[in-house]
1. Looking only at region 483-512, which residues are without any contact (Cβ under 8 Å) to a residue 60 or more places away in the chain and closer than 14 Å to H572 by Cβ?
2. Within region 342-356, identify whether any single residue is within 20 Å of R14 (Cβ to Cβ) and either open to solvent by 40 Å² or more (accessible area, probe 1.4 Å) or among the charged types (D, E, K, R) (or both), and answer yes or no.
3. So R345 clears everything in (1) touching a residue at least 12 places away in the same chain (Cβ under 8 Å); (2) of a type in the set (D, E, K, R); (3) not in a helix (DSSP H, G or I) except one condition, right? Which one?
4. Against the definition (on the phi < 0 side of the Ramachandran plot and touching a Ser or Thr at 6+ places or on another chain (Cβ under 8 Å)), how does G538 come out, yes or no?
5. Say we look at region 443-481 and pick out the residues that are open to solvent by less than 20 Å² (accessible area, probe 1.4 Å) and under 58 Å from the mean Cα position of the chain (by Cα); which of these is farthest from L517 (Cα to Cα)?
6. Looking at region 9-17, is at least one residue surrounded by fewer than 14 Cβ atoms within 10 Å (Cβ to Cβ), modelled with pLDDT of 70 or more, over 25 Å from R310 (Cβ atoms) and of a type outside the set (K, R)?
7. Read through the list (1) of a type in the set (A, V, I, L, M); (2) at pLDDT 70 or above; (3) closer than 21 Å to L269 by Cα, then give the number of the only condition that A237 fails.
8. In region 316-325, which residues are surrounded by fewer than 17 Cβ atoms within 10 Å (Cβ to Cβ) and in contact with a helix residue (DSSP H, G or I) (Cβ under 9 Å, 6 or more places away or on another chain)?
Amino acid sequence: MRRALAVFKTLRGRLVLLVCFATLPALLFTFYVASNERAAVLQRIEREARLLAHLASREHAHQLEGAKTLLHRLAGVLADEPAIGRADARCPAFFPPLLAGYPQFTTIGILSVRGDLLCSAHPAPAALSFAENSAFRRALESAEVEVGNYTVGPVVHRPVLHLAYAVRDAAGSPLLVVFVGLDLDWIDHAVQGAELPPEYALMVVDRQGRVLGRSQRASWPPEPAPENADLARLATATRPVVLDVPGSGRRFLVGAPIGSDGVSVVASLPLERVYGEANRVVYRTAAALTLLTILTIGCVLFAAEISILRVLRVLSRTARRFGEGDLATRADVPSAHGELADLTRAFNAMADALAARQRELAVAKETEAGRIARELHDELGQVLTSIKLDVAALQRAPALVPATAVAPAEAPGAALAEINRRIDDAVGAVRRISADLRPPVLDRLGLTAALQAQVRDFEQRTRLAIVLDVEVDEPVDWLAGIAIYRIVNEALTNVVRHADATEVSVDLRQSDGAYVLEVNDDGRGIAAAEADAAGSLGIAGMKERCLLLGGAFSISGRPGGGTTIVVSIPLHAQSAPDAAHPAR
């Protein structure tokens, strides 16, 4: 787990997270759109199913109107032939051809006023009675074509719808009743004509939920079917109904009413197909977005590898080698312009500056070491050599001085006194060199006292008149204090050696977050070429001390008008941990 999390701490891992977070709103929006699309697909399928049911119901209504027109015309023809109403009358000869011209009808026939079947265009059983047929009963009491209930026809033995119309005499009494049976096989023809998928089916259902007819593709419910409460809901339902159908799974049912007698045409299709089509939209969208996200991540990583990561790795390796001491190493500047090229150039410039300062610091250290070596050789070495000679002379003194000498003991005593003096001189030289390396007064009493002691020492050893003016808040930052002390020492040393001056002013003040030091002398004045000369090690040392602390250094002179050195060092100079607490 930690390794997996560590991957995201790298730049490459963070780029992947960035891409993922950037695509998250698009992902959420896409799923929102896909969800709406899924709902739209469901609504479209519902509309299509309902449209199919409405088209079927309209077709059925059209057939009903055709049946009513046919019965009106038959009634007009039969009214002119009263003999047709006798029990022994035969069907008109045009009945069979008429039935053949209307394939949607199962039969065309004539009934007596008692409901007995007088004749039928389709062969029918003998002594068949329609006395209980609802269409027949209502036709005897009505002057219009009456539509009965959907029943299994006694002539064709399959679901039919009977329509009946009474033929009356001039007084309005019924003479006979003509009827037709509307075959419900038209449903299957409608499904086949619409070229619907195999899973689609149509049914005609009455208000009690009984299936009066269905397409051949429908295997549920069986015909004839008992009342079904779930199907009965379709007569009044405004939304689709989902039912568990034995042997067919879950079905999606939409009903459309036919007329006002509670009969509906029901469109049925499998629920898996409905939701499958809707879900495919979501799956396709999710798959496309996932592929797009992976492709985006790959492209970002590839582009980052070429344009960013490769350059950063080069910079990282170069910085590591530079930190290990290889000051000559530099990073190759990328060919493309931009921030990375600027960063590489800035790094190389920084490396050049650090290498130059390192070289200057090495030169300054060598100069300081040379100065200390000279002082040790010139002062302490001479003192110790003279002491050695005096000791050697003392060792030879008893042999050289006669025993009868007047004052044999005075010569060794004077020699010892001289040796003591020279030892004191050696100790003083050691203390002075030690003070130059690290003045104790700077640690004990602060910068102001250290500068005062330094100025007194210079006045005692030289003919200079030095005016010191210090206005700073003690304690002074150690790095800034030692740098100012060394710069004043080097500046006064240069005045003694080169300026041929008699008076020097040293001013140190605190202003705008920095210590500002100004050293002026009345000497011959330094020339610009001398100030910039590479061999001016004293000036280079002062400048290096100042720049290492983030300060500023300037030196200027006028011929015969003296030299001015101005130094500015931040109040809180940056220091390394080992330099912040020097050894006392």
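1. Across region 483-512, the qualifying residue is only D512.
2. Filtering region 342-356 for residues within 20 Å of R14 (Cβ to Cβ) gives 343.
Right, trim to either open to solvent by 40 Å² or more (accessible area, probe 1.4 Å) or among the charged types (D, E, K, R) (or both) and you get 343.
Yes - at least one qualifying residue is present in region 342-356.
3. Condition (3) is where R345 drops out.
4. Working: on the phi < 0 side of the Ramachandran plot: yes; touching a Ser or Thr at 6+ places or on another chain (Cβ under 8 Å): yes.
In short, yes.
5. Filtering region 443-481 for residues that are open to solvent by less than 20 Å² (accessible area, probe 1.4 Å) and under 58 Å from the mean Cα position of the chain (by Cα), the one farthest from L517 (Cα to Cα) comes out as G446.
6. no
7. (2)
8. Here is the first cut: in region 316-325, the residues surrounded by fewer than 17 Cβ atoms within 10 Å (Cβ to Cβ) are 316-317, 319-321, 323-325.
A319, the sole residue that qualifies.
The values are calculated or read from the model by the stated rules, or taken from the named source; none is laboratory data. Small disclaimer: the values here were computed from a predicted structure and weren't measured. We place every Cβ from the backbone using ideal geometry, glycine too, and count neighbours over all the protein chains shown. Side chains are part of the model used for accessible areas, which takes the heavy atoms of the whole protein and leaves out ligands, DNA and RNA. Shrake-Rupley method; radii C 1.70, N 1.55, O 1.52, S 1.80 Å.
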